[in-house]
Amino acid sequence: MIRMYAYCAFGMDIRSVFPLTVLERPEGYASEWMVEISEESVALIPDLPWKIGRISYGSGLQWIQVEVPWAARYRIEDDSRILVEPVPGVAPGQVTVYLEGLVLPIMLRHHPLLVFHGSAVRNEGGAIVFLGTQGSGKSTAAAVATGFGYRVLCDDIVPISASAMVLPGIPRLKLLPDAYGQIMGVPDPRAFDGVDKYRADLGVELSPSKIGAVVILESSGIGALHLELLLGREKIKGLLPHLCSIEGIDDPKGQFSRLTGYLGKTPVFKAVRPVEGWSAQTNVEQILAFIEGGQKSWCD
Amino acid sequence: MVRLKKAVLASEVDGEKVLLDAETGVYFGLNETGSRILDFLIEEGVEEAALTRFLEEFDAPPERTREDFLLFVSRLREKKLILDEAE
């Protein structure tokens, strides 16, 4: 008898033979999007056309295949099945890392979604999406926001639907040790993700939420936090670098149409914080107050 | 005939027309006046007809308006956002 684990992520109801680190499916969780992850033999497709480093991938009408030579061969069929053939002797954690971080996000491409790298939180006023480059403080901002009544919708991958709803992704934050220490206290070794961060469960939200605002986090040599509403071309230019775009699978024209269509009316703010001498707690509180106040520009 | 290059996508965001040249990945933002000129060019397909509509719509000295129109259209051509095609 093969043990099946039950999880929820990205609005999917997942049954998997592989243990994952995403949230276990809570009692009463309902989703129409059922996904089954099974261990099976996956036929080699030589010369998959696209590459991300040493990872190769390709797609057909109803399938996408991903080859991670040191972990596993993954085949996505329709939007409901993932077949996995692990490399013999590979540590289970390696198979899981690519399932969660690459294969499940790729599977989102079966639906007409906008997919960003970022974090998202929500309260009764709607969802706030934090975007930014690596190390800009997206997860930290989401963690701090939970102290102001927000709940976590997504970390790392943020899917947004045509009706400008932020879908719940993986609502489990991953924080660097210093941020974890500031917000959660002494890091718990059991929360270590095996790479460089600690998982923090803070006010999980599993229902989609209408997007209220997007905040693009940046840092510079300025002396104080600066906030600005982006409009028109500046808005699109600001959002674009943070889209998860996979060459060969994502169509730039489709992404542009979705970006302008889904988020054309959403307020997008740029928040520039000083490189040094800043406090995540204070800055996030200021950002939230600014958004909730509906201002257009502000400097501390 | 004047037309938008096939690789160029246009969309309205915050009252500003945003153009993406999908071949180059470059974005352009047009203000309200630029947006109207582009609309007229695409709708009429002929530069002179577009200029006539532009002059009718904008209550400004015709000579200056004409200069602004021609300068803007030359910039659209320079950026290869519009193409001239034989009918």
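The values are calculated or read from the model by the stated rules, or taken from the named source; none is laboratory data. Please read all numbers here as calculations on a predicted model, not as lab measurements. Here the Cβ positions follow ideal geometry from the backbone for every residue, glycine too, while neighbour counts run over all protein chains shown.
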Qualifying strands (runs of 3 or more DSSP E) (wholly inside region B:1-55; at least 1 residues being at the interface with chain A (Cβ under 8 Å from one of its Cβ atoms)): B:8-13, B:16-21, B:26-30
Which numbered condition A:Trp70 fails, given (1) aromatic (Phe, Trp, Tyr); (2) surrounded by 15 or more Cβ atoms within 10 Å (Cβ to Cβ); (3) touching a Lys or Arg at 6+ places or on another chain (Cβ under 9 Å): (2)
For A:Ser257: the one exception among (1) of a type in the set (Gly, Ala, Ser); (2) away from every other protein chain (no Cβ under 14 Å); (3) outside any loop (DSSP other than H, G, I, E, B): (2)
Failed criterion for A:Trp278 (all others in (1) more than 12 Å from chain B (Cβ to nearest Cβ); (2) assigned to a loop (DSSP other than H, G, I, E, B); (3) closer than 21 Å to A:Ser161 by Cα hold): (3)
Within region B:1-46, tally of residues that are of a type outside the set (Val, Ile, Thr), within 15 Å of B:Val73 (Cα to Cα) and surrounded by fewer than 17 Cβ atoms within 10 Å (Cβ to Cβ): 9
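Please give the helices (runs of 4 or more DSSP H) falling wholly within region A:74-177 in which 2 or more residues are of a type in the set (Val, Ile, Thr) and modelled with pLDDT under 95.
By residue number, A:92-98, A:138-145.
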Qualifying residue in region B:40-56 (condition: in contact with a helix residue (DSSP H, G or I) (Cβ under 9 Å, 6 or more places away or on another chain), closer than 22 Å to A:Gly264 by Cα and among the polar types (S, T, N, Q)): no
Subset tally (residues that are more than 22 Å from the chain's Cα centre (by Cα), in a strand (DSSP E or B) and free of Cβ contacts under 8 Å to residues at least 40 places away in the same chain) for region A:38-66: 1
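Do you know which residues across region A:73-85 are out of contact with any Asp or Glu (no Cβ under 7 Å at 6 or more places or on another chain) and either of a type in the set (Val, Ile, Thr) or buried (at least 18 other Cβ atoms within 10 Å of the Cβ) (or both)?
Selection gives A:Tyr74, A:Arg75, A:Ile76, A:Ile82.
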Residues located in region A:185-200, provided they are free of Cβ contacts under 8 Å to residues at least 40 places away in the same chain, surrounded by 13 or more Cβ atoms within 10 Å (Cβ to Cβ) and either out of contact with any strand residue (DSSP E or B) (no Cβ under 8 Å at 6 or more places or on another chain) or hydrophobic (A, V, I, L, M, F, W, C) (or both): A:Ala191, A:Phe192
Residue count, region A:2-34 (criterion: in contact with a helix residue (DSSP H, G or I) (Cβ under 7 Å, 6 or more places away or on another chain) and either in a strand (DSSP E or B) or among the charged types (D, E, K, R) (or both)): 1
Selection from region A:1-42 of residues that are surrounded by 12 or more Cβ atoms within 10 Å (Cβ to Cβ), among the hydrophobic types (A, V, I, L, M, F, W, C) and farther than 22 Å from A:Lys174 by Cα: A:Met4, A:Val17, A:Trp33, A:Met34, A:Val35, A:Ile37, A:Val42
